[in-house]
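Novice: Input: one structure, supplied below.
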Amino acid sequence: MSYAIEYRFFGLNPLAYHATNYALHIINALLAFWLLLLITRSALVSLLATLLFAVHPLRVESVAWVTERKDLLSALFFLGTLIAYHRYSRSGSVAPYSCAILLCGLSLLSKPMGVTIPLIMLLIDWTDGRKLTRKVIVEKLPFFALALAAGIVALIAHYPAGSVRRMPAFTPVQRLFVAAYNIVFYLGKMIFPSGLSCLYQYPKCVEQSLPALYLAAPLIVAACIGLLLYAAPRSQKILFGGFFFLIAIAPVIQILPVGGGGAPADRFTYLPSIGIALIAAVGLNRSMASRSFTARAASSTLIIALIAALAALTWHRCHIWKDSVTLWSDVLRKNRDAVIAYTNRGVALDEKGEHQQAIADFTEALARDPRFNEAWNGRGNAYNSMGEYDRAVEDFSSAIAADPFFMEAYNNRGVAFFNLKRYDDAIADYSKLLGILPRHVKGWYNRGNAYLEKGMVARAAADLSRAIELNPRYAKAYCRRAYAKLMLGDAPGAREDAALSIRFDPSFLDAYGYLALAQKASGDIGGAIATLERAIGIAPAQSLSYLNCGILLNEAGEYDRAIERINRAIYIDPRLADSYFNRGNAYFGKNDLQNALSDYSRAIELRPSYPEAIFNRAVTSYRLGQYEAAWQDVAVLQQNNYPVSSQFIENLRKSSGRSQ
């Protein structure tokens with residue numbers, strides 16, 4: 001919903017989306033301070049913990065990655081839930097309790113990390129000295145119910161998306177070691193935030209035999225818990241922070257593998273790190289409690305330096321998230337064997353038009369994993385972009401061989417077949433796709449285009465209508481259906497579809513062309529010219545709009561305006577033969593035969609097999625009395641079996657004095 005609101009007011013301007021994420025992070029920091037203040041009753045400890053949480057470089061992934069907004073929203077409602085609950089636990093009032101239930105639901109709708117809320121509530125109860133009575137348990141039941149429902153939905157939702165399937169095949173016992181390792185891993189990154197990456201992977205050997213650190217991880221976790229319990233009598237705050245971390249991190253330590261294919265991720269620390277920040281803040285606060293001014297000054301300097309260092313690391317980390325190329329290049333600097341990083345950087349390079357570099361990355365990925373279907377698919381897309389359609393087909397076929405249910409490869413191979421004019425093969429691939437994914441909008445659109453090229457206009461219109469039914473704002477589908485309706489003789493329907501295409505995408509020039517054709521077919525030449533003038537206003541550097549406008553002005557007998565418009569088309573693209581041909585027609589209409597002859601000759605020079613231009617030049621030569629030149633053009637047309645008017649040949653024969 002937040003994205004929809006931003007899109008409504010700011011379109012795709014990235015500044016708005018990033019500003020929203022930053023604002024949410026600031027609000028979350030304020031809520032964290034509020035919650036910690038309620039728990040610790042120490043403004044200084046709460047402030048230090050909040051600063052350590054807010055400026056830590058592990059926050060970058062959640063904040064700089066626009067589509068990870070769910071972390072920020074979930075945390076917002078998570079912290080709000082705990083604050084409301086704390087107020088309820090003190091006052092017993094219904095209003096904050098109801099508010100807590102509502103906020104808990106919103107947190108879970110944002111991201112399933114909120115499943116730990118009822119356990120954190122019990123931790124707050126312990127911190128506040130509330131006994132575990134029947135009332136205390138019963139009041140948690142709505143929260144446990146919401147958490148259970150959200151957890152089940154999360155598992156179901158992740159499974160078809162592949163997140164659960166991609167988890168390495170650990171045994172249940174191995175998963176316990178992996179879960180402990182993940183806790184140690186996250187603790188390590190929080191304490192020493194070096195080597196941060198948007199992609200962490202388990203070692204290749206991990207499925208066969210666990211490395212030593214994995215085997216030692218349960219002992220390390222046990223030792224940390226032992227230290228927490230040892231510190232409990234001395235500082236309840238440390239115990240709260242430690243167990244807050246352990247409880248909040250539990251959903252993502254991969255006992256049940258969800259999210260990111262099982263590997264750790266920086267974003268998973270967003271909420272749990274508040275607990276570790278609290279422990280660090282308690283320690284730093286104690287370091288400033290010395291009676292010695294020198295010791296206090298040194299501690300204060302250390303704290304300022306620490307926060308400044310974390311902020312500097314965060315600033316540097318933000319630059320890594322500048323774009324997909326810098327992001328995945330950073331991953332590859334830290335892990336040269338990250339197949340998905342090569343693939344994702346290849347996709348980013350391909351989108352930037354750097355196709356050769358993209359192909360090099362996809363090839364590197366395939367050298368490391370020849371069955372990685374997304375790399376085959378990505379390289380096929382790059383070859384498609386370069387016009388190497390045969391090689392694209394080969395790669396898409398390899399992607400399908402690696403995974404026969406990789407439906408996107410069928411769609412992309414269909415596009416390659418379409419570009420090769422192998423329309424039957426394209427239709428077969430699109431049909432395979434739609435048989436499995438009947439709501440694949442581009443599949444219906446692409447098959448409709450293939451039917452159009454085969455002249456199966458009714459089928460094309462039906463497929464394009466299905467695409468529109470699935471996406472009522474699909475401008476390209478309206479545009480192509482307008483073309484289909486023109487071919488079916490339905491000019492009013494074509495006019496309506498072209499107008500809808502323009503409404504949903506005012507910058508889509510093809511739609512203006514089809515609207516003009518529909519207006520012309522309806523006898524509204526003036527309206528058609530006005531439509532093309534609108535297209536010129538939208539894209540003044542596009543030659544075809546000027547040319548098409550000139551053609552219509554020619555038909556309306558406005559030769560001077562036609563010449564002016566086509567002059568502009570020639571200025572933009574001086575090698576477009578159609579522009580010279582149609583300007584020649586305008587000069588011919590004005591009876592400016594020498595200029596007409598010159599333009600027809602230039603059109604033929606640019607496109608030697610241009611029979612319409614050759615015929616018009618023959619007629620112009622005849623009108624100028626250049627009969628031999630006219631006969632030469634007629635001979636070329638006849639050699640190429642182009643029909644020449646018998647009346648024109650008879651007139652030319654009589655005027656030139658030839659007997660045949």
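Novice: Return the total of residues in the range 11-62 being free of Cβ contacts under 8 Å to residues at least 40 places away in the same chain, farther than 24 Å from residue 299 by Cβ and part of a helix (DSSP H, G or I).
Specialist: Adding up the residues that qualify gives 6.
Novice: Among the numbered conditions (1) within 20 Å of residue 485 (Cα to Cα); (2) within 40 Å of the chain's Cα centre (by Cα); (3) open to solvent by 50 Å² or more (accessible area, probe 1.4 Å), tell me where residue 531 comes up short.
Specialist: In the conditions (1) within 20 Å of residue 485 (Cα to Cα); (2) within 40 Å of the chain's Cα centre (by Cα); (3) open to solvent by 50 Å² or more (accessible area, probe 1.4 Å), residue 531 misses (3) alone.
Novice: Give the residues of the range 62-73 that are surrounded by fewer than 23 Cβ atoms within 10 Å (Cβ to Cβ) and not β-branched (Val, Ile, Thr), sorted by residue number. Let's see the steps before the verdict.
Specialist: Step one: of the range 62-73, the residues surrounded by fewer than 23 Cβ atoms within 10 Å (Cβ to Cβ) are 64-70, 73.
Those that are surrounded by fewer than 23 Cβ atoms within 10 Å (Cβ to Cβ) and not β-branched (Val, Ile, Thr): 64, 65, 68, 69, 70, 73.
Novice: Being of a type outside the set (Phe, Trp, Tyr) and not in a helix (DSSP H, G or I) is the requirement here; does residue 535 meet it?
Specialist: For residue 535, the condition - of a type outside the set (Phe, Trp, Tyr) and not in a helix (DSSP H, G or I) - is not met.
Novice: So which of 216, 222, 248 ends up being at pLDDT 90 or above and buried (at least 21 other Cβ atoms within 10 Å of the Cβ)? Spell out the reasoning first.
Specialist: On the way: 216 fails: buried (at least 21 other Cβ atoms within 10 Å of the Cβ); 222 fails: buried (at least 21 other Cβ atoms within 10 Å of the Cβ).
It is 248.
Novice: Here's a follow-up. Would the range 253-265 turn up any residue that is in a helix (DSSP H, G or I) and at pLDDT 90 or above?
Specialist: To start, the set of residues in the range 253-265 that are in a helix (DSSP H, G or I) comprises 260-262.
Those left that are additionally at pLDDT 90 or above: none.
No, the range 253-265 has no match at all.
Novice: Out of curiosity, is residue 545 hydroxyl-bearing (Ser, Thr, Tyr) and either on the phi > 0 side of the Ramachandran plot or not in a helix (DSSP H, G or I) (or both)? Explain how you work it out, then say what you get.
Specialist: On the way: hydroxyl-bearing (Ser, Thr, Tyr): yes; either on the phi > 0 side of the Ramachandran plot or not in a helix (DSSP H, G or I) (or both): no.
Taking the combined requirement at face value, the residue does not satisfy it.
Novice: A further question follows. Kindly indicate whether any position in the range 28-48 is under 20 Å from residue 310 (Cβ atoms) and of a type in the set (D, E, K, R).
Specialist: No, that holds for no residue.
Novice: Would you confirm whether or not the range 320-331 contains a residue that is surrounded by 20 or more Cβ atoms within 10 Å (Cβ to Cβ), more than 15 Å from residue 199 (Cα to Cα) and touching a Gly at 6+ places or on another chain (Cβ under 9 Å)?
Specialist: No, the conditions are met nowhere in the range 320-331.
Novice: Look at residue 463 and say whether it is of a type in the set (Asp, Glu), under 30 Å from residue 376 (Cα atoms) and open to solvent by less than 50 Å² (accessible area, probe 1.4 Å). It would help to see each step written out before you state the result.
Specialist: Details: of a type in the set (Asp, Glu): yes; under 30 Å from residue 376 (Cα atoms): yes; open to solvent by less than 50 Å² (accessible area, probe 1.4 Å): yes.
The answer is yes for residue 463.
Novice: Kindly indicate which of 123, 82, 119 is hydrophobic (A, V, I, L, M, F, W, C), without any contact (Cβ under 8 Å) to a residue 60 or more places away in the chain, assigned to a helix (DSSP H, G or I) and over 19 Å from residue 266 (Cα atoms). If you could, list the steps in order and put the result at the bottom.
Specialist: Details: 123 fails: without any contact (Cβ under 8 Å) to a residue 60 or more places away in the chain; 119 fails: without any contact (Cβ under 8 Å) to a residue 60 or more places away in the chain.
Being hydrophobic (A, V, I, L, M, F, W, C), without any contact (Cβ under 8 Å) to a residue 60 or more places away in the chain, assigned to a helix (DSSP H, G or I) and over 19 Å from residue 266 (Cα atoms) holds for just one of 123, 82, 119, which is 82.
Novice: Determine, yes or no, whether residue 619 is over 30 Å from residue 540 (Cβ atoms), touching a residue at least 24 places away in the same chain (Cβ under 8 Å) and either part of a loop (DSSP other than H, G, I, E, B) or among the hydroxyl-bearing types (Ser, Thr, Tyr) (or both).
Specialist: Working: over 30 Å from residue 540 (Cβ atoms): yes; touching a residue at least 24 places away in the same chain (Cβ under 8 Å): yes; either part of a loop (DSSP other than H, G, I, E, B) or among the hydroxyl-bearing types (Ser, Thr, Tyr) (or both): no.
Against the criterion (over 30 Å from residue 540 (Cβ atoms), touching a residue at least 24 places away in the same chain (Cβ under 8 Å) and either part of a loop (DSSP other than H, G, I, E, B) or among the hydroxyl-bearing types (Ser, Thr, Tyr) (or both)), residue 619 does not qualify.
Novice: Mind checking which residues of the range 391-414 are within 18 Å of residue 450 (Cβ to Cβ) and out of contact with any Lys or Arg (no Cβ under 9 Å at 6 or more places or on another chain)?
Specialist: Within the range 391-414, 408, 409, 412, 413 qualify.
Novice: Exactly one condition in (1) modelled with pLDDT of 90 or more; (2) out of contact with any helix residue (DSSP H, G or I) (no Cβ under 8 Å at 6 or more places or on another chain); (3) not acidic (Asp, Glu) is false for residue 59; which is it?
Specialist: With (1) modelled with pLDDT of 90 or more; (2) out of contact with any helix residue (DSSP H, G or I) (no Cβ under 8 Å at 6 or more places or on another chain); (3) not acidic (Asp, Glu) applied to residue 59, the lone miss is (2).
Novice: Quick check: anything in the range 271-282 in a loop (DSSP other than H, G, I, E, B) and within 24 Å of residue 111 (Cβ to Cβ)? Walk me through how you get there before you give the answer.
Specialist: Let us first name the residues in the range 271-282 that are in a loop (DSSP other than H, G, I, E, B), namely 271-272.
Still in the running and within 24 Å of residue 111 (Cβ to Cβ): 271-272.
Scanning the range 271-282 turns up at least one residue that is in a loop (DSSP other than H, G, I, E, B) and within 24 Å of residue 111 (Cβ to Cβ).
Novice: Of all residues in the range 284-319 being buried (at least 17 other Cβ atoms within 10 Å of the Cβ) and over 30 Å from residue 202 (Cα atoms), which is modelled with the lowest pLDDT? Walk me through how you get there before you give the answer.
Specialist: If we filter the range 284-319 for residues that are buried (at least 17 other Cβ atoms within 10 Å of the Cβ), which is where we start, we get 284-285, 299, 303, 307, 310, 313-314, 317.
The next check asks that each one be over 30 Å from residue 202 (Cα atoms); those that pass are 284-285, 299, 303, 307.
Numbers: 284: 87, 285: 87, 299: 83, 303: 90, 307: 94.
So the residue we want is 299.
Novice: Could you run through the range 429-459 and say how many residues are under 19 Å from residue 404 (Cα atoms), open to solvent by less than 40 Å² (accessible area, probe 1.4 Å) and either acidic (Asp, Glu) or in a helix (DSSP H, G or I) (or both)?
Specialist: Here the count works out to 5.
Novice: Kindly provide the set of residues from the range 431-487 that are farther than 16 Å from residue 500 by Cβ and among the hydroxyl-bearing types (Ser, Thr, Tyr), ordered by number.
Specialist: Those that are farther than 16 Å from residue 500 by Cβ and among the hydroxyl-bearing types (Ser, Thr, Tyr): 431, 451.
Novice: Taking residue 553, is it buried (at least 17 other Cβ atoms within 10 Å of the Cβ), under 39 Å from the mean Cα position of the chain (by Cα) and assigned to a helix (DSSP H, G or I)? Can you show your working first?
Specialist: Values: buried (at least 17 other Cβ atoms within 10 Å of the Cβ): yes; under 39 Å from the mean Cα position of the chain (by Cα): no; assigned to a helix (DSSP H, G or I): yes.
No, not satisfied.
Novice: Now for a different question. Just checking, does the range 77-97 include any residue being within 19 Å of residue 310 (Cβ to Cβ) and open to solvent by 10 Å² or more (accessible area, probe 1.4 Å)?
Specialist: Step one: of the range 77-97, the residues within 19 Å of residue 310 (Cβ to Cβ) are none.
Scanning the range 77-97 turns up no residue that is within 19 Å of residue 310 (Cβ to Cβ) and open to solvent by 10 Å² or more (accessible area, probe 1.4 Å).
Rundown of residues vs (1) modelled with pLDDT of 95 or more; (2) farther than 20 Å from residue 462 by Cβ, yes/no style:
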| position | (1), (2) |
| --- | --- |
| 392 | yes, yes |
| 402 | no, yes |
| 407 | no, yes |
| 413 | yes, yes |
| 417 | yes, yes |
| 422 | yes, yes |
| 425 | yes, yes |
| 429 | yes, no |
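Novice: Inspect all residues belonging to the range 479-488 and state whether any of them is touching a residue at least 24 places away in the same chain (Cβ under 8 Å), over 24 Å from residue 11 (Cα atoms), touching a Lys or Arg at 6+ places or on another chain (Cβ under 7 Å) and not hydroxyl-bearing (Ser, Thr, Tyr).
Specialist: No, the range 479-488 contains no residue that is touching a residue at least 24 places away in the same chain (Cβ under 8 Å), over 24 Å from residue 11 (Cα atoms), touching a Lys or Arg at 6+ places or on another chain (Cβ under 7 Å) and not hydroxyl-bearing (Ser, Thr, Tyr).
Novice: Restricting attention to the range 380-395, which residues are open to solvent by 40 Å² or more (accessible area, probe 1.4 Å) and charged (D, E, K, R)?
Specialist: Answer for the range 380-395, where residues must be open to solvent by 40 Å² or more (accessible area, probe 1.4 Å) and charged (D, E, K, R): 388, 390, 391, 394.
Yes or no, residue by residue, for (1) open to solvent by 80 Å² or more (accessible area, probe 1.4 Å); (2) closer than 21 Å to residue 577 by Cα:
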residue: 596; (1), (2): no, yes
residue: 600; (1), (2): no, yes
residue: 603; (1), (2): no, yes
residue: 606; (1), (2): no, yes
residue: 640; (1), (2): yes, yes
residue: 648; (1), (2): no, no
residue: 656; (1), (2): no, no
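Novice: Somewhere in the range 608-616, is a residue farther than 30 Å from residue 519 by Cβ and either part of a helix (DSSP H, G or I) or open to solvent by less than 60 Å² (accessible area, probe 1.4 Å) (or both)? Let's see the steps before the verdict.
Specialist: Step one: filter the range 608-616 for residues farther than 30 Å from residue 519 by Cβ, giving 608-609, 614.
Then keep just the ones that are either part of a helix (DSSP H, G or I) or open to solvent by less than 60 Å² (accessible area, probe 1.4 Å) (or both); that gives 614.
Yes, that holds for at least one residue.
Novice: Being open to solvent by 20 Å² or more (accessible area, probe 1.4 Å) and within 21 Å of residue 11 (Cβ to Cβ) is the filter here; which residues of the range 489-509 pass it?
Specialist: Residues of the range 489-509 that are open to solvent by 20 Å² or more (accessible area, probe 1.4 Å), as a first pass: 489-490, 492, 495-496, 499-500, 503-509.
Scanning the range 489-509 gives 500, 503, 504, 505, 506, 507, 508, 509.
Novice: For residue 571, which of the numbered conditions (1) touching a residue at least 12 places away in the same chain (Cβ under 8 Å); (2) open to solvent by 50 Å² or more (accessible area, probe 1.4 Å); (3) part of a helix (DSSP H, G or I) fails to hold?
Specialist: Failed condition: (1).
Novice: When you scan the range 622-638, how many residues do you find that are outside any helix (DSSP H, G or I) and open to solvent by 50 Å² or more (accessible area, probe 1.4 Å)?
Specialist: First, the residues of the range 622-638 that are outside any helix (DSSP H, G or I): 624-626.
Pick out the ones that are also open to solvent by 50 Å² or more (accessible area, probe 1.4 Å) and you get 624, 626.
The qualifying residues number 2.
Novice: Right, next: Would you say residue 345 is buried (at least 21 other Cβ atoms within 10 Å of the Cβ), under 30 Å from residue 192 (Cα atoms) and charged (D, E, K, R)?
Specialist: Details: buried (at least 21 other Cβ atoms within 10 Å of the Cβ): yes; under 30 Å from residue 192 (Cα atoms): yes; charged (D, E, K, R): yes.
Judged against the criteria, residue 345 is a match.
The values are calculated or read from the model by the stated rules, or taken from the named source; none is laboratory data. Just so it is clear, the structure is predicted and the values come from calculations on it, not from any experiment. Counting neighbours? That spans all protein chains shown, and the Cβs are built from the backbone with ideal geometry, glycine included. SASA here: full protein model, heavy atoms, side chains in, ligands and nucleic acids out. Shrake-Rupley method; radii C 1.70, N 1.55, O 1.52, S 1.80 Å.
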